Amino acid sequence: MTLRRSLLAATAAVALGAGAAAPAPAAQNQTQRFFAERLIADEHTAGPIERLLRSGRGFVDQSVTFRDLTGDKKDDAVVRVQSGGAAGAVAVYVFSTDTGREGGELAVVFRSERLLRAWTSVTEGVLTYRSARPERGDELCCPSRLAETLLRWDERRHLLRVASRREIAP
């Protein structure tokens, strides 16, 4: 197994609380519960994220960001899933009603589910997210690299597309 896979496996074990008793879940607000329920019900949510939410070991971050990312003059929701441990935010989702389908029901229009200590920001309709990329010898708290991704809305395809990706120093 490569070092990177070993680190990811160890991080996943920490994030998912392998071998540990589940802590008592903290009280969640209505927004957190709303998005957690939708992620659990969504058949495209990755199994580890669904189990993290269902078990109560992880949770939807209370800081859901509401901004218009699609240009339809309606706020979309940027939702992070927290591991409940040192791995921090391990997934990012964008919910929108601008799906290109009649009726415009709320749906996930973007997902990234293999993150570590993720951070998000929205500026002028562009979503930026960063994720830790640990290297050999890095402490979990202090990765030597971060992956930064910028996403812009593609109106024709009704989805967020990668505008740029780069690795940066923390």
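A few points about this structure:
- The residues on offer are Ala15, Ala20, Ala26, and the sole one that is modelled with pLDDT under 65 and farther than 16 Å from Glu113 by Cβ is Ala20.
- Tally, over segment 89-113, of residues that are surrounded by 15 or more Cβ atoms within 10 Å (Cβ to Cβ), in a loop (DSSP other than H, G, I, E, B) and without any contact (Cβ under 8 Å) to a residue 40 or more places away in the chain: 1
- Residue selected from segment 114-161 under the condition out of contact with any strand residue (DSSP E or B) (no Cβ under 7 Å at 6 or more places or on another chain) and of a type in the set (S, T, N, Q), by the criterion surrounded by the most Cβ atoms within 10 Å (Cβ to Cβ): Ser144
- When segment 46-88 is limited to residues that are without any contact (Cβ under 8 Å) to a residue 60 or more places away in the chain and of a type in the set (S, T, N, Q), the one that is nearest to Thr31 (Cα to Cα) turns out to be Gln62.
- Criterion applied to Asp98, Asp154, Asp76, Asp138 was being modelled with pLDDT of 95 or more and acidic (Asp, Glu), and the one residue passing it is Asp76.
- Under the condition of being closer than 14 Å to Gly84 by Cα and among the small types (Gly, Ala, Ser), the residues counted in segment 39-60 number 3.
- Taking the conditions (1) under 18 Å from Glu135 (Cα atoms); (2) at pLDDT 95 or above in turn, Ile40 satisfies each one other than (1).
- Residue within segment 53-76 that is among the small types (Gly, Ala, Ser), in contact with an Asp or Glu (Cβ under 7 Å, 6 or more places away or on another chain) and surrounded by 13 or more Cβ atoms within 10 Å (Cβ to Cβ) present: no
- Scoring Ala87 on the criteria (1) at pLDDT 95 or above; (2) more than 25 Å from Trp153 (Cβ to Cβ) leaves a single failure, condition (1).
- Flag for Arg157 being part of a loop (DSSP other than H, G, I, E, B) and either basic (Lys, Arg) or free of Cβ contacts under 8 Å to residues at least 40 places away in the same chain (or both): yes
- The residues of segment 80-103 that are of a type outside the set (S, T, N, Q), touching an Asp or Glu at 6+ places or on another chain (Cβ under 7 Å) and farther than 26 Å from Asp138 by Cα, listed by number, are Val94, Phe95, Asp98.
The values are calculated or read from the model by the stated rules, or taken from the named source; none is laboratory data. Everything numeric here is computed off the predicted structure, so don't read it as measured data. Counting neighbours? That spans all protein chains shown, and the Cβs are built from the backbone with ideal geometry, glycine included.
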